[in-house]
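The values are calculated or read from the model by the stated rules, or taken from the named source; none is laboratory data. Everything numeric here is computed off the predicted structure, so don't read it as measured data. Don't worry about glycine lacking a Cβ; one is built from the backbone with ideal geometry, like all the others, and counts go over all protein chains shown. The area values use the complete protein model at the heavy-atom level, side chains included, leaving out ligands, DNA and RNA. Shrake-Rupley method; radii C 1.70, N 1.55, O 1.52, S 1.80 Å.
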Amino acid sequence: MKAIIACAVLLSTGAMAHDTHFSTDSCDVDLNAGFSIKNNVITMTKHDKAIYKIVDGRTLIINSETIALNAAQQEAVSQYAAEIKALIPEVKGIATDAIELASEGVSIAFDELLGEDNKVGNDLSSELYSLKQELDERFDVNNFTIEEDGTVQGDFLSEDFEQRIESIVEKTVENSMGTLLIAVGQELLLAGGDMDAFEHKMEKFGEQIEYEMESRANVIEQRGEKLCYSIEKIDLLEEKLKSIIPEMPKVNVVSVDNSQHKKA
């Protein structure tokens, strides 16, 4: 799950120079430049300088000059721009799934221990909802940036995204420790002071949280696989542009390798 989320938010903890590498169970991706989407302008950057722009999904600008395109070149540029913009909601969807599935999975486990509509579950849902709202605000298809070092939207996802979700869960549990201790005491009384029976129920509680999270992680795994194919498509279109438009810079903005995963 962690690798898929890392792919979804296009992050790397081991960035070197201006190259960012991230790997998942489905593909290996190298990001060798930054890009931004500002309304109708897609800008690719290297060493903090624009290497080319695509305006309105049609106009290709290189070194401040508009490149004259024939029909085939124009079609390739438009398709490339469309695939880049389509990637943003796809990335956002995986991050949103991670939040919602974490909330749902952990809440089910706490409902089992504390009963439905309990404070821990409600507090957790509230915290994760706030994170989801922040995600909705930051992931705008008309205003989105990935820096050359892999930083997404001004450090919003600079830390491992799964870690942020886990921190929210941990904080909520810590703040609700009193409620949990009361519930533990009640469970111990119901077990008639039988520590073995109590420990067994607590083990089942932990196992249920793990099961709920892992079973829901399959959804994210599948979407992560689809995301890899989308990034690969962008990579292929980028190579096509370089082959049919002589003026195109030879920088590999993104490169994808899924050969090892296909063999597995």
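Consider segment 21-53. How many of its residues are part of a strand (DSSP E or B), modelled with pLDDT of 85 or more and open to solvent by 30 Å² or more (accessible area, probe 1.4 Å)? Walk me through how you get there before you give the answer.
Here is the first cut: in segment 21-53, the ones part of a strand (DSSP E or B) are 21-23, 28-31, 34-38, 41-46, 49-53.
Of the ones still in play, those that are also modelled with pLDDT of 85 or more are 34-38, 41-46, 49-53.
Then drop every residue that is not open to solvent by 30 Å² or more (accessible area, probe 1.4 Å), which leaves 38, 41, 45-46, 49-50, 53.
Result for segment 21-53: 7.
Taking segment 98-128, which residues are more than 16 Å from VAL169 (Cβ to Cβ) and open to solvent by less than 50 Å² (accessible area, probe 1.4 Å)?
GLY115
Looking at (1) modelled with pLDDT of 65 or more; (2) open to solvent by 90 Å² or more (accessible area, probe 1.4 Å), can you tell me which one GLU232 breaks?
Condition not satisfied by GLU232: (2).
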